[in-house]
Each structure stands twice: as C-alpha cells, then as structure tokens.
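A short reminder: the numbers here are calculations on the coordinates, not readings from a lab. These numbers come from a predicted model, not from an experiment. Virtual Cβ from ideal backbone geometry, glycine too; neighbours counted across all protein chains shown.
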Amino acid sequence: MSVVDGWKDDELLDRVHEAVRITDPPPVRLRDAAMRALTWDHELEAMQLLYDSAAEPVGVMRGAAAVTARDLTFGDEELSVEISITEDEGGATTLDGMISDNTMGDRVIDDPTVGVEVADGSAGDVDVVIVQPNRPKRQVPVDEHGRFLVTVEGMVAGIVIVRPEGRRLATGIFSLDLDAG
Amino acid sequence: MTLKCYPLVVGAGYDAGAMHDPVDPWSLQAALDGDAEAWARLVDEFGDTIWHWARSQGLGREDAEDVAQTVWYLLKDKGRSIEDPRRLPGWLATTTRRYAQTVSKRRIRDSPEAAGDMAERGLPEVDAGPADSVVASDLQRRLREGYDTLRPRCRELLSLLWSDVPYAEVAETLGMAIGSIGETRRRCLDELRRVANVGG
C-alpha cells in the first residue's frame, strides 16, 4: 500500500496546493511590481471618467480597418482627453487620443491633413506618457492639435498628461481588452 | 451567502494573532488610501494566490506575471468599486480569470497551433522556477504533473478552493451552481488521484 493511499479529499487538496506552490513559485520580482501599483499615480491629479462607450447598450464600430473600438473620455474643468481604442484584424491595439484645453473655447483648425474643422481648444503643448504594468513608461509624441496615436501591447493602460506649468494629470487605468469593457 | 472565517489564510503574511476588522478584514480601504503597509499585507496575502490562479488558466510564466501585475494595478484603480471588502478574494479571482482568458485568447489567435496544446495539456511545459527554489519531492512532482493534466475547469476550481475562497464566490467566479461545487470537487480530486497515481 502506498503511503498516500487513503488520503481524504481535504488532505489531497492541501498536498496538491503545496506541490504547486513549491514547484511553480512566482518570480520574486512580482512582489516589487505589485508594490509599485500602489504608487503609479502618486502626486498625479486624477481625471474623471466622463464617457465610456462600453457602457452603451450597443458597441461602436469605427473605420473600415478597425475590427472593434471603444471610446473613452477623461477630464476635469480645464483639460479633457478623448481616447479611441481600436484593434485591427492583426490584433494590434491602437490608442488614438485627442487632448483638449477646455478653457480655450472652440476654434477653427485649418490643416491640410485634417481639413477644416471646428474643434475644442487643442492642447498640443503637453507631454503624454503611457503607463502600463510590466512595461516601461513611454512618452508619445503629441501634434500641435493635441492628437497622439500609439500602438500598445498589454491588457491595461493609464495615461499621464504633463502640462507646461507642471500640472500632472492621470486617467484611470483602463482596459485594452475590448471584450472586458 | 455562507462566508467562511475571515481573513483567509492564503499567503504567508497573515498574522493569526492580529486584530482584524470583520467588515474589512484585509484593510482594503486603508490600502487604497495609500497605506503602504496595508498594501504590502494585501500583496503578501494574495500575491502567490493570484499567480497560481493565472497559471491555472494555462498561462506560461511570462504571461502569468503580466496578468498578476495587471490585477494589482486594477485593484489600485478600481478597488473602491468593491462594495463589500469581504468579497475581495472573489473580485481578485474574477479579475485574474478575466484577464488570463484574454491573454489565452490572444495567444491562440496569434498562434493557432497553441490552441490544441493549451486545451489538451492545460498548462504549458513545467518551466523551471528560480534556481534556488525548494527541491520538490517525487510525490510533489507527480501531484504537480497530475494537476497540470486536469481539465482547466478542475484546475480553476481546486486553485480557488485551496485558497479558501468561499463557495458562494467560487460559484460566482466560475459561473456554476453552488450546490454542484462539492461534487465537482470530489470528481476533480478523484481524477487527480488517478492521473498522479497517488491512490486513495
């Protein structure tokens, strides 16, 4: 008879737990990463989530090349950022963002690449940094209209916006998984 | 809802002699308010568990690490949406499961040949942990390998149960009837006995 014959269910559960724990420990660095999650938005001003298309009853389809999309708007009284998350057929996820200075009022943008359109005051004089778990922070270029376009990997992201006078604002962490909402 | 005794002893950091708030047994609110010690206790309590939940979904170590880190960021950012802090384990389990499945889908989409492998074998090859990890006994290796060959549903269930997640939250997380958990647990453990050849 094996020494393990007769194990009751509770004991077997404990034993397999122990076996998995010993043979498959998490990386030591994972604890440090979990601790960093506490401070990722330290000393940043939180922008409120103002709109989330995932909360709408029917999903939004955008553009011929995009398979699915989700639109988010974060902001406060002075600044807002609209973000469209798209995933193409190849599985690449793109953030298409537009930052607006809400204190500037509407103005006309006359740009040959985008045509003539009336838009909220643009906020192109800002820095945008993408924050993601398990990935280095990335500063992304912002054009003079406050637009940025970046391909991302991973499952979630947050965006930090740094204004010239030093204000640092952050969106919440949002999911890049268009099914997760 | 039937709740087991809180707090759950799922990690190494729980001090059984300490006083705990029965309404917020893991000091979640303090942690979300920026209390580094409270956050560290959460990490010590649930860190390994989240990792094993992610692994139970069939993820490799790199992907499981990605998912685990994501869960901590989401907890920091969305944790205030947990109306009853006693349900933290269920929230963590559900979030881990959701994002682990997202990664699994991407892996299968990007590499369709991986689909059969993940579905049939469950876990990828048992890749080596840190070189200084505790040397496993032959019995532990058999149990681990047997666990890896279980159906994904069994791995999920067992990993939730050994973490002492209350049955009600297990049922909610896995979308199964609470009354079926006991019988499913028994069948999964019987399957483990058979594939790991541990008798009983």
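Model label points for A:Thr103 and A:Val162, set 7 angstrom from Cα along the Cα-to-Cβ axis, are 2.0 nm apart. Taking every residue in B:76-87 and counting other chain Cβ atoms within 10 Å of its Cβ, the average works out to 2. Spin-label model, B:Arg106/A:Arg135: points 7 Å from Cα along the beta carbon direction are separated by 0.7 nm.
Taking beta carbons within 10 Å but only from partner chains, what does the mean come to for residues B:139-146?
Details: counts 5, 8, 3, 2, 10, 8, 2, 2.
Mean shielding by partner chains, rounded to a whole number: 5.
Fewest to most neighbouring Cβ within 10 Å: what's the order for A:His42, B:His52?
On the way: A:His42 9, B:His52 25.
Lowest count first: A:His42, B:His52.
Inter-chain Cβ neighbour count for A:163-171, averaged per residue, equals 0 (cutoff 10 Å, partner chain atoms only). Comparing A:Leu13, A:Tyr51, A:Leu38 along the charge dipole axis of region A:8-58, the residue lying farthest to the positive side is A:Leu13, per the Cβ-charge model. Using 0.36 nm per residue and subtracting the Cα-Cα separation, the extra length available between A:Glu77 and A:Val28 on full extension is 13.4 nm.
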